[in-house]
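*Asks:* What follows is a single structure, and I will ask about it in a moment.
The values are calculated or read from the model by the stated rules, or taken from the named source; none is laboratory data. Predicted model, so just to flag it, every value in this text is computed and none were measured. For neighbour counting, all protein chains shown are included, and Cβ atoms are generated from backbone atoms with ideal geometry for every residue, glycine included. Ligands, DNA and RNA are stripped out before the accessible areas are found, and what is left, the full protein with its side chains, is counted by its heavy atoms. Shrake-Rupley method; radii C 1.70, N 1.55, O 1.52, S 1.80 Å.
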Amino acid sequence: PNPVFVLDRKSLYIIDCNDVVKGVYGFEKEQLLGTSFLRLFEEPEHETYALDIKNLDTINHARQQTRDGRLIYVNIRISPSRAAGRADRFPAG
């Protein structure tokens, strides 16, 4: 029942996500596909979280924003995977 995001490893753009994302973040899947996962973080924190997502396996108590601007705290688990012949990482928010 957790939100799951599939990201492009280099750009951190959202390639796919599950339907639970709408209930937690308020976004329809189509509103997120092709956009940066970093949009869910406050702008001053984009660079820090970009590095963390690319270099860590777990990020605890990450602060993210919902569609209506509410701040929520999430634990992010990152798992490497291969898709379309390249290694990707799959953060779950």
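*Asks:* For percent of Cα pairs over 19 Å apart, which listed value, (1) 35; (2) 32; (3) 28, comes from the coordinates shown?
*Replies:* Working out percent of Cα pairs over 19 Å apart from the coordinates points to (2).
*Asks:* State which stretch of the chain is the longest one without any exposed trypsin sites (Lys or Arg not before Pro), exposure meaning a DSSP loop state and at most 14 other Cβ atoms within 10 Å.
*Replies:* 11-66
*Asks:* To make sure I understand the rule: partners must be aspartates and glutamates, Cα under 16 Å from the Cα of residue 10, and not fewer than 8 residues away in the same chain. Which ones qualify?
*Replies:* Once the sequence-local aspartates and glutamates are set aside, what remains near residue 10 is 47, 52, 57, 88.
*Asks:* Using only the heavy atoms of the protein chains and a 1.4 Å probe, how would 32, 38 rank by accessible area, largest first? Can you show the working numbers first?
*Replies:* Numbers: 32 0, 38 25 Å².
Correct descending sequence by accessible area is 38, 32.
*Asks:* What nm value, rounded to one decimal, do you get for the distance between residue 68 and residue 81 when each label is placed 7 Å out toward the C-beta?
*Replies:* 3.0 nm
*Asks:* Taking Cα centroids, how far is the stretch 57-76 from the stretch 1-41 in Å?
*Replies:* If you average the Cα positions of each part, the centres end up 12 Å apart.
*Asks:* Once you order the gyration tensor axes a ≥ b ≥ c over the Cα atoms, which shape class does the stretch 2-44 get: rounded for a/c under 1.5, otherwise prolate or oblate by comparing a/b with b/c? Mind showing how you got there, number by number?
*Replies:* Working: a/c = 1.84, a/b = 1.27, b/c = 1.45.
Here the stretch 2-44 falls in the oblate category.
*Asks:* Could you do me a favour and compute the accessible area per residue for the chain, 1.4 Å probe, result in Å²?
*Replies:* Using a 1.4 Å probe on heavy atoms only, each residue of the chain averages 59 Å².
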